[in-house]
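Trainee: There's a structure below that I have some questions on.
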Amino acid sequence: MIDLIEKLSLLNGISGRENEVRDFIINEIKDYADSIETDPLGNLIVFKKGVEKPKNKVMLDAHMDEVGMMITAVNGDGTLEFECVGGIDKRVMLGRAVTVGKENIAGVIGVKPIHMVSADSKLSMPEHMYIDIGADNKEEAEKAVCLGEYACFNSEFVRFGDGFIKGKALDDRAGCAMLIEMIKSDLPYDMYFNFATGEEVGLGLAGTAAYRVNPDYAIVVETTTAADLADVPENQKVCRLGKGAVISFMDRRTIYPKALFDRAFELANEYGVKAQVKAAVAGGNNAGIIHKTAGGVKTITVSLPCRYLHSPSCVLNKEDIFESLKMIKLLAEDFANA
């Protein structure tokens, strides 16, 4: 599965421009799925028949989009103005290599060099950044790039240390990989899967897919910020790499049903799956819209702990990936027969 995650990580697909990712997923699952549908907002809705018909309809969701940039203007010197798509910390952007548009034009996020700024400004974040694609002037840049084109981090996928991987867009391409693996497997019950668009901009586009499927239960497969870093106090290390699947009790958009939260840990204990509580109330994901769809959907989120989220260097632990896959399979089967 790590090879699959690598392939997905290297694809480009900011919110609203997920075509490349969607096409790749369709090609991966076309021989395994019983139906594949793209809704008007770009969500990829997949049905996979299992051995038995379930008592309850279950939908699993992971989002295809990644954070990135969109080109908003071309300057006279050929550099590109941009707006961030999704939440990106400026500190991870300075000097980073990017690719622009469908042609993957090479560029770099530029900023005034340190020896040209005042002493007072050296310790502050720059107010202005731009993308340099090596164009000499506006006319040359406009031949290569049009307004509304996207830019993505250009970051290689690396295996390192004791079971760690690094790459861009692991939020949530790792989740997409887990759903693909389930679709390729023999399922005990019929299942629905949604590969969602637009999660990073908070528009809740997964709601349209949930409305179409109208599930009884939903499992949102995500990544979440791991705070197991040297300069973070122990009581603020809300989840850790190597400790397994992360189960949330609440975030900024959803209060998860206590019965589902408890059931996840009951299953983890029964089957020896590594799982941990996300000890913070922060952020949000597609659960925020899915659980409010139609007549209401019982929803839980299972996340991978990820260091350096929304950066060119997201870091995951391989063991967490496989433990999380076990967790979502157990939950899906349990909910289907609840």
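The values are calculated or read from the model by the stated rules, or taken from the named source; none is laboratory data. Just so we're clear, the structure is a prediction, and the values are computed from it rather than from any experiment. In this analysis, Cβ positions are derived from the backbone assuming ideal geometry, glycine residues included, and neighbour counts consider all displayed protein chains. Accessible surface is based on the protein model in full, side chains and every heavy atom, while ligands, DNA and RNA are left aside. Shrake-Rupley method; radii C 1.70, N 1.55, O 1.52, S 1.80 Å.
Trainee: Rg(Cα) of the chain divided by 2.2 N^0.38 Å?
Mentor: Taking the Cα Rg and dividing by 2.2 N^0.38 Å, one obtains 1.03.
Trainee: Relative to the present Cα-Cα distance, how much length would full extension add between LYS258 and TYR271 at 0.36 nm per residue of separation?
Mentor: Contour length minus Cα-Cα distance gives 2.7 nm.
Trainee: Can you give the local net charge around ASP216? Use residues other than it whose beta-carbon is closer than 11 angstrom to its beta-carbon, Lys and Arg +1, Asp and Glu -1.
Mentor: Every neighbour counted, the sum reads +3.
Trainee: With each label point set 7 Å from Cα along the Cα-Cβ vector, what nm distance links MET250 and ASN235?
Mentor: 1.7 nm
Trainee: Please list, in order, the residues from segment 169-195 whose amide nitrogen is less than 13 Å from a point placed 7 Å along the Cα→Cβ vector of LYS30.
Mentor: none
Trainee: Roughly speaking, what is the stretch gain from GLU103 to THR38, that is 0.36 nm per residue apart minus the C-alpha to C-alpha distance, in nm to one decimal?
Mentor: 21.0 nm
Trainee: Now for a different question. Largest first and to the nearest Å, give the Cα extent of segment 68-220 along each principal axis.
Mentor: Extents along the principal axes, in whole Å: 63, 40, 28.
Trainee: Once you've got the GNM for the chain with C-alpha springs shorter than 10 Å, pick whichever of THR301, THR38, THR208 has the biggest mean-square fluctuation.
Mentor: THR38
Trainee: Leaving out ligands, DNA and RNA, and with a 1.4 Å probe, what % of the accessible surface on the chain is carbon or sulfur?
Mentor: 49 percent
Trainee: Can you give me the three principal axis dimensions of segment 223-338 from its C-alpha atoms, in Å, biggest first?
Mentor: 43, 30, 27
Trainee: Another one. Compare GLY163, GLY101, GLY204 in a GNM of the chain, Cα atoms joined below 10 Å, and give the one with the largest fluctuation.
Mentor: Ranking GLY163, GLY101, GLY204 by mean-square fluctuation puts GLY163 first.
Trainee: To check you understand DSSP bridge types, tell me what percent of the beta bridges within the chain (both residues inside) are antiparallel, rounded to 5.
Mentor: Within the chain, antiparallel bridges account for around 65 percent of the total.
Trainee: What net charge is computed for the residues neighbouring LYS298, neighbours being all others with C-beta under 14 Å from the C-beta of LYS298, Lys and Arg scored +1, Asp and Glu -1?
Mentor: +1
Trainee: In Å², what does the accessible area per residue of the chain work out to with a 1.4 Å probe?
Mentor: 44 Å²
Trainee: How about LYS318: which lysines have a C-alpha closer than 27 Å to its C-alpha, ignoring those fewer than 8 places off in the same chain?
Mentor: Correct list for LYS318: LYS7, LYS30, LYS48, LYS166, LYS168, LYS184, LYS237, LYS243, LYS274, LYS278, LYS326, LYS329.
Trainee: Considering the convex hull of the alpha carbon atoms of segment 184-253, report its projected area averaged over all viewing directions, in nm², one decimal.
Mentor: 7.4 nm²
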